[in-house]
Amino acid sequence: MSIAENLLTIKKDIPEEVILVAVSKTKPVADILEAYNAGHRDFGENKIQEMVSKSEELPQDIRWHMIGHVQTNKVKYMAPFVHLVHGCDRVKVLKEVNKQAAKCDRIIDCLIQVHIAEEDTKFGFDESELSDLIDQRTWEDFPNVRLRGMMGMATFTEDHDQIRREFKSLRAHFDRFAERSGLKNWNILSMGMSGDYRLAIEEGSTMVRIGSSIFGTRNP
Ligand SMILES: *Cc1c(COP(=O)(O)O)cnc(C)c1O
């Protein structure tokens, strides 16, 4: 199947209100253009430099999502154009996004990445760090960051009960944070990838990040 056909299949499979981010990491600009020409505009990359160089070659109305671990020394390169930073996994990232956004006279939308997987290879805020964030209302120090919600990744496993449990816990963190922070614009829950997006949507995801089911498997 072509990229355009894959996109259509997935769009039919998810509710209209769930936003689909097409994860194009490692894939050539020609593949992105194929999805673009099929009408798609939201693309996700996990390396800042790769996103920057692709953005320079592609149409300017693409909405670029930074879904990977953010190296703070590279934030300045994406600050002029990034649409949503999913991978804010520590206060230092929020601080640097705020600083670079201010230099560009922008307010940048960000998601707090939360550690939900039982495996300990994934980045993100843990429970006590989330509590600190709320107690200290840390975002008030960062006026050029707009917190929109949370992002998380489930454990890479065949165990659906475990994946569901992890997504449920992220949804609970998301709702609790909304309630305790009183933040306006808090309405994006980014969870679900090719292998688990149906479960994620059942558990309340509002944004899915799908790569291989659209663009095919990646070479490592
Ligand atoms: C690569 C990646 C995805 C997409 O993974 P697929 O399994 O190819 O759909 C989603 N989210 C993040 C953070 C990723 O790094």
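Values in this text are rule-based calculations from the coordinates and carry no lab data. It should be emphasised that the depicted structure is a prediction, and the values quoted were computed from it without experimental measurement. Virtual Cβ from ideal backbone geometry, glycine too; neighbours counted across all protein chains shown.
Points to keep in mind about this one:
- The calculated FRET efficiency for the pair Glu119 and Lys184, based on their C-beta separation and a Förster distance of 45 Å, comes to about 0.85.
- Our helix-only sum for the chain, with -39,500 (n - 2.57) per DSSP H run of n ≥ 4 divided by its residues, gives a mean residue ellipticity at 222 nm of -12000 deg cm²/dmol.
- Computed label-point distance, nm, for sites Arg176 and Glu17 using a 7 Å Cα→Cβ extension: 2.4 nm
- By the equivalent-ellipsoid construction on the alpha carbon gyration tensor, the stretch 11-71 comes out with semi-axes of 20, 15, 9 Å, ordered largest to smallest.
- Global geometry of the chain, whether rounded, prolate or oblate, following the gyration tensor of its Cα atoms and the 1.5 cut on a/c: oblate
- Note on the stretch 152-220 and the stretch 8-27: Cα centroid distance 13 Å, given to the nearest whole angstrom.
- Directionally averaged projected area (convex hull, Cα atoms, the stretch 115-220), nm²: 7.8 nm²
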